[in-house]
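Undergrad: Here's a structure for you.
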Amino acid sequence: MDDLAGFLRTRRSRVDPAVFGLATDSRRRVEGLRREEVAHLSGVSVDYYVRLEQGRATQPSLQVLDALARVLGLDETERDHLCRLARQRRRRAKAPGGRVRPELLRVLDLVGDAPALLVDHRMDVLAGNRLAGLLYGRPVTGLNTARHIFLEETERGLYAGWEDCTVDVVGHLRLAAGKYPDDPRLASLIGELAMGSDRFRRLWARADVRARTHGRKAYRHPLVGLLDLHQENFSLPDASGMELLVLTAAPGSPSEDGLRLLAGLGTDRADVRPLVDAEVRE
């Protein structure tokens with residue numbers, strides 16, 4: 001699903017040669033840095049770097065990876081992704097799986113004034129509170145948010161910032177594919193999205209990676225209007241790969257009023273609680 005060679009090629013193409021004082025005239029036939037320039041700036045031989053990009057090199061050392069990250073201008077998330085891809089040749093991580101513990105469901109129940117979701121690395125929603133179901137207008141358990149964004153809710157759908165959402169989703173899936181390259185369900189999802197969405201294919205080809213931590217999420221709800229919310233991601237401190245996502249509105253804002261109005265809607269839309277201790281498919 002992802003590989004070291006492809007990641008290096010895409011990052012190299014984005015580096016401005018002028019940053020290193022290199023000529024950028026018409027004689028330059030490649031976008032970004034040449035292979036030999038990356039090799040020279042990183043302190044490795046041209047032959048070794050070419051073999052890295054061709055997937056033929058042995059396990060690169062941490063010093064080489066640090067040098068490449070510096071030359072390619074990688075941020076912390078990208079650097080971690082680079083190191084993870086390099087380690088895959090020796091050891092591949094098994095995709096996490098497990099159960100949604102009853103204690104986690106009680107935590108969701110305690111979040112009464114904000115939509116809250118429990119998701120895995122594939123962006124499958126494992127559980128959600130009542131307000132999350134009202135936000136999405138459907139039971140959220142079993143929903144895959146990547147599929148929802150790319151194949152179900154396009155530019156005029158629920159997501160007011162749809163284009164930004166698509167970039168975030170692809171960046172997250174790229175990161176997940178680097179962590180769990182042997183996860184068949186993740187590979188199947190990526191293939192489905194690539195077959196069904198031109199935008200997904202274009203974004204995937206860029207090989208960008210993004211870590212989900214926090215940020216603005218805007219929704220265009222058909223009943224209460226625009227909800228300008230802030231999402232916080234809380235990674236669970238275990239090996240489950242699950243995250244708790246909570247969407248809040250600024251105090252005194254129209255979006256806070258909108259969430260309050262949404263919470264007051266009929267309970268017929270609120271059947272979003274999963275079976276206690278429901279097993280997550282591996």
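The values are calculated or read from the model by the stated rules, or taken from the named source; none is laboratory data. Quick caveat, the model's predicted, so the values are computed rather than measured. When we count neighbours, we look across all protein chains shown, and the Cβ atoms used for this are built from the backbone with ideal geometry, even at glycine.
Undergrad: Could you please find all residues in segment 199-217 being buried (at least 17 other Cβ atoms within 10 Å of the Cβ) and either of a type outside the set (Lys, Arg) or free of Cβ contacts under 8 Å to residues at least 12 places away in the same chain (or both)?
TA: Hits for segment 199-217 are 200, 203, 204, 207, 208, 209.
Undergrad: Take the residues in segment 227-243 that are in contact with an Asp or Glu (Cβ under 9 Å, 6 or more places away or on another chain), surrounded by fewer than 16 Cβ atoms within 10 Å (Cβ to Cβ) and not polar (S, T, N, Q); name whichever of them is modelled with the lowest pLDDT.
TA: Only one residue tops the list, namely 236.
Undergrad: Further question: Residue under question is residue 162, and the condition is that it be under 23 Å from residue 250 (Cα atoms), out of contact with any strand residue (DSSP E or B) (no Cβ under 8 Å at 6 or more places or on another chain) and outside the structural domain of residue 80 (by TED's automatic domain parsing); does it hold?
TA: yes
Undergrad: Just checking, does segment 117-137 include any residue being free of Cβ contacts under 8 Å to residues at least 60 places away in the same chain, of a type in the set (A, V, I, L, M) and part of a helix (DSSP H, G or I)?
TA: Looking for residues that are free of Cβ contacts under 8 Å to residues at least 60 places away in the same chain, of a type in the set (A, V, I, L, M) and part of a helix (DSSP H, G or I), one finds none in segment 117-137, hence no.
Undergrad: Let me ask something else. Do you know which of the residues in segment 224-240 that are under 15 Å from the mean Cα position of the chain (by Cα) and either assigned to a loop (DSSP other than H, G, I, E, B) or of a type outside the set (A, V, I, L, M, F, W, C) (or both) is farthest from residue 107 (Cα to Cα)?
TA: 231
Undergrad: Let me ask something else. Within segment 190-198, does at least one residue satisfy the condition of being surrounded by fewer than 17 Cβ atoms within 10 Å (Cβ to Cβ), more than 15 Å from residue 136 (Cα to Cα) and of a type in the set (D, E, K, R)? Full working, then the answer.
TA: Initial filter on segment 190-198 (surrounded by fewer than 17 Cβ atoms within 10 Å (Cβ to Cβ)): 191-192, 194-196, 198.
Those left that are additionally more than 15 Å from residue 136 (Cα to Cα): 191-192, 194-196, 198.
In the following step, the residues that additionally are of a type in the set (D, E, K, R) were identified as 192, 198.
Within segment 190-198, one or more residues are surrounded by fewer than 17 Cβ atoms within 10 Å (Cβ to Cβ), more than 15 Å from residue 136 (Cα to Cα) and of a type in the set (D, E, K, R).
Undergrad: Another one. Considering only residues of segment 90-122 that are basic (Lys, Arg) and surrounded by 14 or more Cβ atoms within 10 Å (Cβ to Cβ), which is modelled with the lowest pLDDT?
TA: 101
Undergrad: Report, by residue number, each residue of segment 155-177 that is buried (at least 20 other Cβ atoms within 10 Å of the Cβ) and of a type in the set (Val, Ile, Thr).
TA: 166, 169, 170
Undergrad: Just give me the residues in segment 2-18 being at pLDDT below 85 and either out of contact with any Ser or Thr (no Cβ under 8 Å at 6 or more places or on another chain) or not assigned by TED's automatic domain parsing to the domain that holds residue 63 (or both), in sequence order.
TA: Passing the criteria: 2, 3, 4, 5, 6.
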